Structure formats: structure tokens, C-alpha cells
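Q: My questions will all concern the structure given below.
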Amino acid sequence: MLVLLLENPTNDSVELALLFLQECGQKLSQVSSRGLDSIFSTLRNLLHESSLNKRIQYMIEVLFAVRKDQFKTNPTIQSGLYLINENNQYIHILTLDDPCEPEPMLDVFKYDEQYEENEAKYKEIRKIILDDISWSF
């Protein structure tokens, strides 16, 4: 995704890439440090060669400082965050090239006559999955 955003750089695409890197940079450095180095090399070239506006250039410089500090402002997993047990997780892998089949009926509101019953069932299932921790949603 970052490669696509920086392939034909505009102020908006570079800003989006920078925000993504700020949020996910620590994880990317653990998973693919060479890929991250390549992205930062591209950003360095953009900083010196492109006609990006001053705000985006400043954001790039700030991101280099954040990287030097090992993305400590945005940790991979925030401390104190309660995660669902791995056995109960469902992982969805999507690529940008996957065909998208929208389901327009999901956008239509349907009145649930058994709302109270269904909500009680949902709370029971949620309790089981979340190990009886009370959550306020």
C-alpha cells in the first residue's frame, strides 16, 4: 500500500502514507525492516527532489525523528489493552486487488421484533468470548 501511495506522489498521497507509517511503523520495523528502509529512502528522495508543500515536507522530517525514536509514541500494542484470546480471533486477509462484492442489503435497516432477546443472547456470547470482563459499549 505504501509503495502505491508513493509511486505517483501528491501532497494527499504522501500525507496518507506518513500517517499510516506513524501508526504502524513500529510493527513494520519488526516485520519488514528492509521494506521500511526502502519506504524511508523514497521519502528522503521526495523530501529533497519533489515539489511537495512545506507542511508535508515538515511531516516527513517529523516522521524521520519519530523513526529515530523507534516509534515510541505509537507502540505496536498499547499497554493495558485487553486482547481477545487467539483461539477466538477471526483473521481477515484482504489485498488491494481482491474483487469487491458489495452487499447493498446490509445498508438497509430492518426492524428486529425480538431485539431484547437477541441483545441478551449477544451479551451472553460476548461474556463467554471476553472472559467475563464487563465492558461498557
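Q: Does segment 99-130 hold any residues that are in contact (Cβ under 8 Å) with a residue 12 or more places away in the chain and over 26 Å from Q89 (Cα atoms), and which are they?
A: none
Q: List every residue pair whose Cβ atoms lie under 6 Å apart, where the two residues are 6 or more positions apart in sequence or sit on different chains, the first residue falls within segment 71-95 and is assigned by TED's automatic domain parsing to the domain that holds F40, and the second residue, located anywhere, is surrounded by 10 or more Cβ atoms within 10 Å (Cβ to Cβ) and part of a loop (DSSP other than H, G, I, E, B).
A: Cβ pairs passing all conditions: none.
Q: Kindly list, by first and then second residue, each pair from a residue in segment 35-58 that is of a type in the set (S, T, Y) to a residue that is modelled with pLDDT of 90 or more, limited to pairs with Cβ atoms under 6 Å and residues at least 6 apart or on different chains.
A: Sorted first by the residue in segment 35-58, then by its partner, the pairs are T42/L6.
Q: Restricted to segment 68-87, and to residues that are under 16 Å from F40 (Cβ atoms) and either under 17 Å from the mean Cα position of the chain (by Cα) or of a type in the set (G, A, S) (or both), which residue is surrounded by the fewest Cβ atoms within 10 Å (Cβ to Cβ)?
A: It comes out as N74.
The values are calculated or read from the model by the stated rules, or taken from the named source; none is laboratory data. Note that the structure is a prediction, hence the values are computed from the model and not measured. Positions of Cβ are generated from backbone atoms using ideal geometry, with glycine treated the same way; all protein chains shown enter the neighbour counts.
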